[in-house]
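Colleague: Can you read through this structure? Questions will come right after.
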Amino acid sequence: VFLPLQLFGTIAWILVASTRIPLPVLQGWVMFVAVTAWFLSIVFLSVFLFGYANRIAVNWNQADFIFHGATFVFYFGAFLLQAATTSLHHFPRKFNSTAQERILTGHEYNISIAASV
């Protein structure tokens, strides 16, 4: 389970970072969740690969369940925020301006859809 988490977490991290970040608070949380889950899963995987799991007296099944449950909750919240940001693409960037510049360009809109998924 750790390797797909690494792969998809890295992809989400790259996709969100490649846009102009129109709403920093929302997408900042998405980045925080992606980077933190990525780093913690590396640490968790290292504990198992290097044999520290045998030396530390912890119920690893329960720790694994709690870690992945919490990661699911945080990633689901990040998905909702990223999807909310993506749904605002048709609004103008500045509401009082006469320019028709959108919050997300067509290319950034596609990237945001991929990051949401």
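Colleague: What residue, of Ala12, Ala83, is under 16 Å from Glu108 (Cα atoms) and at pLDDT below 80?
Modeller: One residue alone meets the criteria, Ala12.
Colleague: Might you let me know whether the range 22-40 holds any residue that is modelled with pLDDT of 85 or more and more than 30 Å from Gly106 (Cα to Cα)?
Modeller: Yes; the residues of the range 22-40 include at least one that is modelled with pLDDT of 85 or more and more than 30 Å from Gly106 (Cα to Cα).
Colleague: Within the range 1-58, how many residues are farther than 22 Å from His90 by Cα, open to solvent by 30 Å² or more (accessible area, probe 1.4 Å), without any contact (Cβ under 8 Å) to a residue 12 or more places away in the chain and outside any helix (DSSP H, G or I)?
Modeller: Of the residues in the range 1-58, 4 are farther than 22 Å from His90 by Cα, open to solvent by 30 Å² or more (accessible area, probe 1.4 Å), without any contact (Cβ under 8 Å) to a residue 12 or more places away in the chain and outside any helix (DSSP H, G or I).
The values are calculated or read from the model by the stated rules, or taken from the named source; none is laboratory data. Keep in mind it's a predicted model, so treat the numbers as computed, not measured. Here the Cβ is made from the backbone with ideal geometry for all residues, glycine too, and neighbour counts use every protein chain on show. Please note that ligands, DNA and RNA were not included when accessible areas were found on the heavy atoms of the full protein model with its side chains. Shrake-Rupley method; radii C 1.70, N 1.55, O 1.52, S 1.80 Å.
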